[in-house]
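The values are calculated or read from the model by the stated rules, or taken from the named source; none is laboratory data. None of these values were measured; they are calculated from a predicted model. Note that we place each Cβ from the backbone using ideal geometry, even for glycine, and neighbour counts take in every protein chain shown.
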Amino acid sequence: LFSAVEMAPRDPILGLTEAFNADPRPNKVNLGVGVYYNEEGRIPLLRAVADVEKSRLEIQAPRGYLPVDGIAAYSTVVQKLLFGQNSSLLEEGRVVTAQSLGGTGALKVGADFLKRLLPDATVAISDPSWENHRALFQSAGYPVKNYRYYDASSHDVDRTGMLADLNELPPRSIVVLHACCHNPTGVDLAPEDWKKIIDVLKARDHVPFVDIAYQGFGDGIEEDALAVRLFAESGMSFVISSSFSKSFSLYGERVGAISLVTQNRDESARVLSQIKRVIRTNYSNPPIHGASIVSSVLNSSELRAIWEVELAEMRQRIHRIRLEMVRQLAAKGVQQDFSFVSRQRGMFSFSGLNIDQVDQLRNDYGVYIVGTGRICAAALNTRNLDYVTDAIVQVLGR
Ligand code: PMP
């Protein structure tokens, strides 16, 4: 049966972590990861999360099955985070939400649902994008194209290229957009860019699929939801995948949600029934623990306030370390202007380092970076930064 099975290609980022773990050098640094580390170099367990876990343990809750679409109170708070406390869309019953296995699960459920609705559509993702976007939509049966996004020479968005490519896609294409904290570049769209993009998507009848995996990591919870709010105002129907892996530091608990904005309450009921069908035939129903933590935190004004402070701490620490990296590189005599690093948002930074420099950093200094030059700024701290900037200075000077 399995004799003809070929070996699947290795995941480049997991391979990098394996090589890092096997490296005996004591001052090695792994900047290839996709998680937030605190100043001590550890994945934090947020206090708001620990508090809920403690009380959950005390009540010894039974572990029956959740409904197919998950915890209802969780879906309500997810919608409020996305659309705001007093959104008219929510009052009109135009949004349906189902709990999902992380942001990845939301993307897959959304892709499988859309495939039944728009079997011949094209999916477009940014160039570059989170590496799983392409594979995920391909595995749902879609052809996946790139639209221009990152301009390496300006370290900014290629606005003209992006709009032109979105215009040239076949009408009614599915366009995947990063709401904030673009992975892997850290380069985000400005409010006026979103307005232009929405105009093009509307004119071409495209289907927006907004991926929001870092709400609160960019400029703030409300600020980072701007794209979602603008799409909501546009009157379009669209899909959103949310992840709480980073904002609650709950990576392994798989907490996410898929939300779909429809035209009316009646459409919502029909859409949710189909989403439930996709979930039912995949994994039946979602796990309890992570989503109950998120809904308990967000439904308690006390815990929510604690969480907001903790989220702001993570966001501000990343921003400080970015500024310090830029300052150190300049202070150590690097001629090249690295100030773009401080304008990037979220955990990741396209550093502009080329593949030779990335190889040298790894081989000569034990500093591990993804081949594209993507650095996880959230893995830098005041203890490893000096060593990392020294190493960068050395490879730039060669
Ligand atoms: N979308 C983007 C843009 C991401 O960066 C990630 C995770 N790194 C995800 C989705 C998936 O999130 P999760 O880990 O919650 O599945």
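Taken together, ARG327, ARG362, ARG315 contain a single residue that is within 19 Å of the chain's Cα centre (by Cα) and charged (D, E, K, R), which is ARG315. Would you tally the residues in the range 270-293 being over 30 Å from TYR37 (Cα atoms) and in contact (Cβ under 8 Å) with a residue 12 or more places away in the chain? Residues that pass the stated criteria total 12. Note on the range 375-395: residues that are crowded, with 18+ Cβ neighbours inside 10 Å and either part of a helix (DSSP H, G or I) or modelled with pLDDT under 95 (or both) amount to 8.
Being of a type in the set (Phe, Trp, Tyr) and closer than 22 Å to SER87 by Cα holds for only one residue in TYR251, TYR214, and it is TYR214.
When you check LEU101 against the structure, is it closer than 25 Å to ARG304 by Cβ and either surrounded by 19 or more Cβ atoms within 10 Å (Cβ to Cβ) or more than 16 Å from the ligand (Cβ to nearest atom) (or both), yes or no? Spelling it out, LEU101 is indeed closer than 25 Å to ARG304 by Cβ and either surrounded by 19 or more Cβ atoms within 10 Å (Cβ to Cβ) or more than 16 Å from the ligand (Cβ to nearest atom) (or both).
You will find that of SER234, SER241, the residue that is of a type in the set (S, T, N, Q) and within 15 Å of the ligand (Cβ to nearest atom) is SER241 and no other. Output yes when any residue across the range 114-136 is within 16 Å of the ligand (Cβ to nearest atom), crowded, with 23+ Cβ neighbours inside 10 Å and of a type in the set (Phe, Trp, Tyr), and no when none is. Checked the range 114-136: no residue is within 16 Å of the ligand (Cβ to nearest atom), crowded, with 23+ Cβ neighbours inside 10 Å and of a type in the set (Phe, Trp, Tyr).
Of the set (1) assigned to a helix (DSSP H, G or I); (2) within 15 Å of the ligand (Cβ to nearest atom), all apply to GLY256 but (1).
Checked against (1) in a helix (DSSP H, G or I); (2) not assigned by TED's automatic domain parsing to the domain that holds VAL33, ILE321 passes all but a single condition, namely (2).
Flag: PHE217 matches the condition of being crowded, with 17+ Cβ neighbours inside 10 Å, within 13 Å of the ligand (Cβ to nearest atom) and in a loop (DSSP other than H, G, I, E, B).
Kindly indicate whether ARG265 is in contact (Cβ under 8 Å) with a residue 60 or more places away in the chain, away from the ligand (no atom under 13 Å from the Cβ) and closer than 14 Å to ALA98 by Cβ. Before you say what the answer is, go through the steps one by one.
On the way: in contact (Cβ under 8 Å) with a residue 60 or more places away in the chain: yes; away from the ligand (no atom under 13 Å from the Cβ): yes; closer than 14 Å to ALA98 by Cβ: no.
Criteria not met by ARG265.
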